[in-house]
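To keep things clear, I will list the structure first and then write my remarks on it.
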Amino acid sequence: MEITLDQKTTWHLGGEAHVLHLLRLVAQINDENWSAVSVVLECAPVIAARGEELSWFHNRLESRLDWQNRPFLEDLPVRMEIALRPEYYPRLPCPSSDAVQRLTDLFVIEPPPSPELFDDAVWNAIQLWQEYPIDPSIGGGTMRVGYRTAFSMFTDEVDRLRRRGPVSRIIVDALIESGIPISWIEEDPVFTVTLYAEDRGYLCRIRPNESSSGITVSVEWIEQLSDAGVAKLSSHIAVADTDLVFGSLTLVDGRIRLDNLTLLGPSITEETIIETLRAAVSALNSKVNEWSELDLTAG
């Protein structure tokens, strides 16, 4: 259910009292229990900026998605969608036939029946935005400009993967920017992409480690070697490994793999990820070329 309101309400934000304009109340009930409650507030840009600085509604810097650190325009109000934290649902009236009115009363009656609901600590910021007017000569209307937070719902699978952490976000953005299709193996967990060199396909695995801010890359020629090919190549692998500038060569389940390519911390950028993938594919393809006369895939 969605209720349009026009109410001035006093909120306790980080120990400060501020009057915010309550515009909308949205709530959902599943199996006779509250499953979601959110409100949309409106305030002056200076208030919103202070809220960002002090992390009101748990709006911490690390939780902001696609945040450009762009200041709010001074002549437009800022709107904030915030969601009640689930542990506070028991403080709401029991869902019933008059649940809409009883819930609305919590926000419009003065003094508030449940003043604790007007404390920023019990809410999570979902998104903040301003509505930029569009010139009538190009169609009119408004354009929403702002950002979502990690508390918002996923928009798609790419959004979900980007939110795994800062390392995953850089990997996803690097692949998208380069036009490389993204595949994610949840059980592993690892990103996989297939790149080509001289019509040969190479499976690239990009494994993020959010806790150490690191990435491990491996590249594998997708062709399965025959048993005879494995036997022929075994004596060449150790020698070839010493010639590599980076990584190490191994045979895994009948496939040639270049392993142990690692990026850490500040070295992880969209550019270095793509450069590492291309360099690894090129290096492994060069070795496959050297061994082409061995006829590795023939029985």
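Read-outs: derived from the displayed coordinates by stated rules, not from any lab. Given the structure is predicted, the values throughout are model-derived calculations rather than measurements. Note: ideal-geometry Cβ built from the backbone for every residue, glycine included; neighbour counts use all protein chains shown.
Summary of values
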quantity	calculated
Sequence-separation-based contact order of region 15-82, relative, with Cα cut under 8 Å and 6+ spacing, percent	34 percent
Largest-first ellipsoid semi-axes for the chain, taking √(5λ) over the Cα gyration tensor eigenvalues, angstrom	55, 21, 17
Equivalent ellipsoid dimensions for region 157-294 as semi-axes, Å, which come from the Cα gyration tensor, largest first	28, 15, 13
Net charge over other residues, Cβ less than 12 angstrom from the Cβ of P45 (K, R count +1; D, E count -1)	-1
Tilt relative to the chain, helix 166-177 - C-alpha long axis, 0 to 90 degrees, to 10	70 degrees
GluC sites (Glu not before Pro) restricted to region 27-128 and DSSP loop, no more than 13 other C-beta within 10 Å	E32, E74
Taking the chain and dividing mean pair separation by its residue count, relative contact order in percent (alpha carbons under 8 Å, at least six apart)	12 percent
Total formal charge among the other residues, if their Cβ is under 12 angstrom from that of F107, Lys/Arg +1 and Asp/Glu -1	0
Residue of D120, D98, D159 that the Gaussian network model of the chain assigns the largest fluctuation, springs spanning Cα pairs under 10 Å	D98
For region 1-146, convex hull of alpha carbons as volume per residue, Å³	136 Å³
In region 151-221, the GluC sites (Glu not before Pro) that fall in loop regions by DSSP, at most 15 other Cβ within 10 Å	E186, E187, E198, E210
Region 135-199 and region 221-279: distance between their alpha carbon centers, rounded to Å	27 Å
